[in-house]
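Trainee: One structure coming up, written as structure tokens, with questions to follow.
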């Protein structure tokens, strides 16, 4: 599948940028035609600078994960969605296809829902840079929850501050992870809060 705005050169970038500035409604309307919508928009752009008020794709509804996952799982199910290399070059590397990723995201959606997570909840993700982090991010988006990723190198107080500031209903973590040769005990950091 080819899209009209796959940028392949600096010249093309400048041309596409010019089009987006000269006629933003036409430009973004064309981009939007490639998305799957649950409810199509009434108008691409509704704006009033005297209020000021700007609304894009007014009246539209979509689940962005259906555009990121489902469509590709249908079109090219065996194509890699995630290619992950471990921090340890001796360790197993992972290749996750769109079909597998969709399955794993749906599984994690069920885990979230079975543990009471719902649309509008805030979920903090305190995890290493592993495929499961991407799965958790997509699962949160899929159920309509808001996610906040917390950097694994923060102190216990910084972690607590971020959880409090985000008003998280749920925190998802793992036992630990690695940064270089250093093991980061993520779960233990949370247990001290």
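Trainee: Can you list the helices (runs of 4 or more DSSP H) lying wholly within segment 78-193 that have 1 or more residues being modelled with pLDDT of 95 or more and under 16 Å from residue 65 (Cα atoms)?
Mentor: Counting at least 1 such residues, we get 98-114, 131-143.
Trainee: For residue 98, are the conditions met, namely being surrounded by 18 or more Cβ atoms within 10 Å (Cβ to Cβ) and within 23 Å of residue 180 (Cα to Cα)?
Mentor: On the way: surrounded by 18 or more Cβ atoms within 10 Å (Cβ to Cβ): yes; within 23 Å of residue 180 (Cα to Cα): no.
Taking the combined requirement at face value, the residue does not satisfy it.
Trainee: Filter segment 55-87 down to residues that are exposed (fewer than 12 other Cβ atoms within 10 Å of the Cβ) and in contact (Cβ under 8 Å) with a residue 40 or more places away in the chain, then give me how many there are.
Mentor: Selection size over segment 55-87: 1.
Trainee: Tell me whether segment 43-59 contains one or more residues that are in a helix (DSSP H, G or I) and touching a helix residue (DSSP H, G or I) at 6+ places or on another chain (Cβ under 6 Å).
Mentor: The answer is no, given that none of the residues of segment 43-59 is in a helix (DSSP H, G or I) and touching a helix residue (DSSP H, G or I) at 6+ places or on another chain (Cβ under 6 Å).
Trainee: Which of the residues spanning segment 135-167 are closer than 27 Å to residue 97 by Cα, touching a residue at least 24 places away in the same chain (Cβ under 8 Å) and in contact with a strand residue (DSSP E or B) (Cβ under 6 Å, 6 or more places away or on another chain)? Give the steps one after another, and end with the answer.
Mentor: Taking segment 135-167 as the starting set, the residues that turn out to be closer than 27 Å to residue 97 by Cα are 135-152.
So of that shortlist, the ones also touching a residue at least 24 places away in the same chain (Cβ under 8 Å) come out as 135-136, 138-150, 152.
136, 140, 145, 146, 147, 148, 149, 150, 152, listed by residue number.
Trainee: Is at least one residue of segment 9-28 loosely packed, with under 11 Cβ neighbours inside 10 Å and not in a helix (DSSP H, G or I)?
Mentor: yes
Trainee: Mind listing whichever residues of segment 138-173 are surrounded by 18 or more Cβ atoms within 10 Å (Cβ to Cβ) and either farther than 18 Å from residue 122 by Cα or not assigned by TED's automatic domain parsing to the domain that holds residue 121 (or both)?
Mentor: Passing the criteria: only 152.
The values are calculated or read from the model by the stated rules, or taken from the named source; none is laboratory data. This one's a predicted model, so the numbers in the text were calculated from it and none came from an experiment. Don't worry about glycine lacking a Cβ; one is built from the backbone with ideal geometry, like all the others, and counts go over all protein chains shown.
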